[in-house]
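**Q** One structure, as structure tokens, below. Some questions next.
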Amino acid sequence: MESKIKDLGILTMHRVVNYGSALQAYATQRVIENMGYTCEIIDYMYPNVFQYQRGTSYTPITFKSKVSKFFGLNPYWRKVNKFEKFYRDYFHLSPKYNCPEEINTNPPIYRAYITGSDQVWNPVHTKGDLTFLLDFVTNAPQISYASSFACNNIEDKLKQQYSMLLDKYSFLSVREKNGQGLIKAMIGRKVPVVLDPTLLLSAQEWLTAFGINAARHVKRKNYILVYILKYAVDPSPIIYKLIGELQLRTGAEVVYIGDSGCEKNIWTKVSPSPIEFVELFANATCVVTSSFHGTAFAVNFGKKVFSVIDDKSSDDRIKTLLESLNLHSSIISLDANVSDLDLNQDIIFAQESLRKQRILSINYLRSSIHSVLIKNKNMSIWVILCLMAFIIMLFIDFDKYVIIAAAWILPLQMLVVKQFSVMSCISLAIFLLAVLKGKLKIYKYPFILSSLLLGTSILLSNIYGVFKHWGSCITMISLEVLFPIVVWQSIKSKHELRLFLKHSFIFLTALILYGLFEEITRDNPIIRFMQSSDAFSGSIGYTDEIRFGVKRMQSFLPLCGALGCCCTMNFLLFGFAAQKRVGLNQKQVKYVPYLLAGLLLCTLLTGTRSVIAGFFCMLVYFVNSQTIKSRKIQRFIPLLVVILFLSIGFLDKIIVSFTDTQSVSGSNSDMREMQFNLALYFMGVSPILGNGLAYTFEYVQAFFPDEILGAESVWFPLMIDQGLLGVVSYLIYLLFPLLYALKKKMYVVVFCILLCCRKIFIIIARY
């Protein structure tokens, strides 16, 4: 019986007799299996006859060498035997492939393929072997994780082949900044720099995996571990000066990992196994190395590390890693003055930074795998069926389900069917049914003129703009013009208001609880699933960014900013509801303070500075109004005090980030000014009606990707796409309802929040 096809095949340089190569392959395998996927390492031999014929060094295998290997007669062959035992014990291997011809003739079959890590794309090592670019894969998704070029240039004769094969990858990531630049130059794609697989396992996970107990079998309690590779960089004589200086300062012995002896008085650990290699790093006092993986294991185990590099080399692996951890003092150049050695490295900060990067890298790998394996091709059908079911319910009880749709408007906006948001489809269906049922009395709608102005602006921009996008046109008119007219005539009494607040309460409770789950687990399965499914919008962002020391929360909304804005507006809504004592039953009133506290907490955890600033501006007004007199709201005050007290350090970082934008990788005034200038220029091309819907992101972004980025202010694409008429229309559209609400009943306030929520949310998040 044929075995089930495994999820993933891993192609890497796993059989090189090198500790880093073997351990990174094992780590990749283990991390993927920890995610719940089946995988195996494609047992592709490197080096093989293909590389030998093209100049890779090769020592002929003789009868004498076979005998020496079998009996372990010299240190090198004893080392080889230990590695082969490690392969047998810890690798899940495919059948062996000895050359490119074999793997192309009978390729291994998996649901998806992963390349990396290690120097799989180094043209010097591979000698043009395109197997490591998965040239044998024809009909399956491909992922690159932490692949390395270890150079800053690809020969012209290989560049075209590299470009063609790299462009086939569904997801690309690299291990160093040089690789980032090479891919950008060859295929124009921006790719992330992620951690080497050995760093995806924590120090404790390495110890557990190999059954290592701290300080077990260690002959020396205090030692400097030296691990030198000379094939890339010869660190002599600086390395021995460095070791001598460290010995002088620490009084520690020296343990040298190597196949042969070294300087006098330096103890040599001859040919450790990969597991013994890990154990030596785990118990070292500090580490001296010229190896990337030596550096990686040192920082992973929280050791002081001194990594010797050649500043003139194109290999920036070590430098990229140490700089990302703020361990600049660990970088030792070949001409360094060892007397200036800094032993006060901030290991705690480096460990925390490494932990955050580990979370981001694991989430990237998980999302990549999930996206290519779990994609549900039938999801669109289910979405359409749910849409039809909702329309049927509208026939049964129109007013009730219109109000429910209003309460759940935000999550429904994430769904798309054939480029149309589900919410726009529902909005259009609701409007047409209202017309058929004779429920609309448009003349009673107080904002009809501002709505008509907005609808006209959207339509004219799409008709006369150079870039037409009817999907966006229909979506905007449905959501921002037609749907509010129906909602206005549905929430017309305290009964409808209670129904709306009930479902909003349920929605917000689910939003908060799932957001807390996301923070605790550092993962968001719902958003990852939506990203992977063809039924959902590709614009949904999975946020795994760490900001202000915590993962940015987005719950099940498309962006962090959307969550923050939703929480802010609903804080205002339920605060007013409790103040006016309308629309809430006794049970809901009892739990409103906890709901408000949850909304505040979620807003803070989004890490969206503009939203947080807007929230506190609103809170100042809210607390200083008559709301504070309400006994129902007074219960919130102690919760507010507790949250603010616990968030003092967090809030301090937020305040600092408004001026120090680099600390959060956020937008700054220079970026906004550049974007404004671009918006002003393109607005000048068609100043009245704009250039057409989606012009900013379909045209401007294609030519100015680094400058416009995500158009951090919503006003910039509005200026470009819809011109002056669009800007004025939106201002009037937002202003009239808010002025109207100041002197009206509670349900009017609710409607006005609903009417404006979509644009207000975006405007607050992207001012």
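**Q** Any chance you could count how many residues in the range 609-628 are among the β-branched types (Val, Ile, Thr) and at pLDDT below 75?
**A** 4
**Q** Taking VAL191, is it under 23 Å from VAL16 (Cα atoms) and either among the aliphatic types (A, V, I, L, M) or touching a Cys at 6+ places or on another chain (Cβ under 6 Å) (or both)?
**A** The answer is no for VAL191.
**Q** Looking for whichever is small (Gly, Ala, Ser) and in a loop (DSSP other than H, G, I, E, B) here; the options are GLY471, GLY438, GLY455, GLY515. Which one fits?
**A** GLY438
**Q** Also, I was wondering about something else. Residues of the range 277-287 being assigned to a loop (DSSP other than H, G, I, E, B) and surrounded by fewer than 22 Cβ atoms within 10 Å (Cβ to Cβ), which ones?
**A** Result: THR285, single match.
**Q** Moving on to the next point. Restricting the range 142-160 to residues that are in a loop (DSSP other than H, G, I, E, B) and touching a residue at least 40 places away in the same chain (Cβ under 8 Å), which is farthest from the chain's Cα centre (by Cα)?
**A** ASN153
**Q** Within the range 190-203, can you find the residues that are farther than 25 Å from SER313 by Cβ and more than 16 Å from the chain's Cα centre (by Cα)?
**A** LEU201, SER202, ALA203
The rows are residues; the columns are (1) crowded, with 22+ Cβ neighbours inside 10 Å; (2) part of a helix (DSSP H, G or I); (3) of a type in the set (Gly, Ala, Ser).
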| residue | (1), (2), (3) |
| --- | --- |
| ILE5 | no, no, no |
| GLY9 | yes, no, yes |
| HIS14 | yes, no, no |
| VAL17 | no, no, no |
| GLN24 | yes, yes, no |
| GLN29 | yes, yes, no |
| GLU33 | no, yes, no |
| GLY36 | no, no, yes |
| GLU40 | no, no, no |
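**Q** Kindly state which helices (runs of 4 or more DSSP H) lie completely within the range 288-395 and contain at least 1 residues that are out of contact with any Ser or Thr (no Cβ under 9 Å at 6 or more places or on another chain), within 30 Å of PRO272 (Cα to Cα) and modelled with pLDDT of 80 or more.
**A** Because the criterion is at least 1 residues that are out of contact with any Ser or Thr (no Cβ under 9 Å at 6 or more places or on another chain), within 30 Å of PRO272 (Cα to Cα) and modelled with pLDDT of 80 or more, the helices (runs of 4 or more DSSP H) in the range 288-395 that meet it are 317-324, 347-373.
**Q** Mind telling me which of the residues ASP118, ASP129 ends up being under 31 Å from the mean Cα position of the chain (by Cα) and closer than 17 Å to SER148 by Cα?
**A** ASP118
**Q** Kindly indicate which of VAL120, VAL137, VAL80 is of a type outside the set (D, E, K, R) and in a helix (DSSP H, G or I).
**A** On inspection, the qualifying residue turns out to be VAL80.
**Q** Can I ask one more? Please identify the pairs in which a residue from the range 83-102 that is over 22 Å from ALA209 (Cβ atoms) and free of Cβ contacts under 8 Å to residues at least 12 places away in the same chain has its Cβ atom under 9 Å from the Cβ atom of a residue that is among the charged types (D, E, K, R) and loosely packed, with under 14 Cβ neighbours inside 10 Å, counting only partners at least 6 apart or on another chain.
**A** Once the first residue is over 22 Å from ALA209 (Cβ atoms) and free of Cβ contacts under 8 Å to residues at least 12 places away in the same chain and sits in the range 83-102, its partners that are among the charged types (D, E, K, R) and loosely packed, with under 14 Cβ neighbours inside 10 Å give GLU102/LYS96.
**Q** Are there any pairs, at least 6 apart or on different chains, whose C-beta atoms fall under 7 Å, with the first in the range 106-119 and within 10 Å of ILE10 (Cα to Cα) and touching a residue at least 12 places away in the same chain (Cβ under 8 Å) and the second crowded, with 24+ Cβ neighbours inside 10 Å and of a type in the set (D, E, K, R), and if so, which?
**A** Qualifying pairs under 7 Å: SER117/ARG175; SER117/ASP196.
**Q** Residues that are surrounded by fewer than 17 Cβ atoms within 10 Å (Cβ to Cβ) and modelled with pLDDT under 75: does the range 673-693 have at least one?
**A** No, the range 673-693 contains no residue that is surrounded by fewer than 17 Cβ atoms within 10 Å (Cβ to Cβ) and modelled with pLDDT under 75.
The values are calculated or read from the model by the stated rules, or taken from the named source; none is laboratory data. Everything numeric in this text was worked out from a predicted model, so none of it was measured. Backbone-built Cβ (ideal geometry, glycine too); neighbour counts: all protein chains shown.
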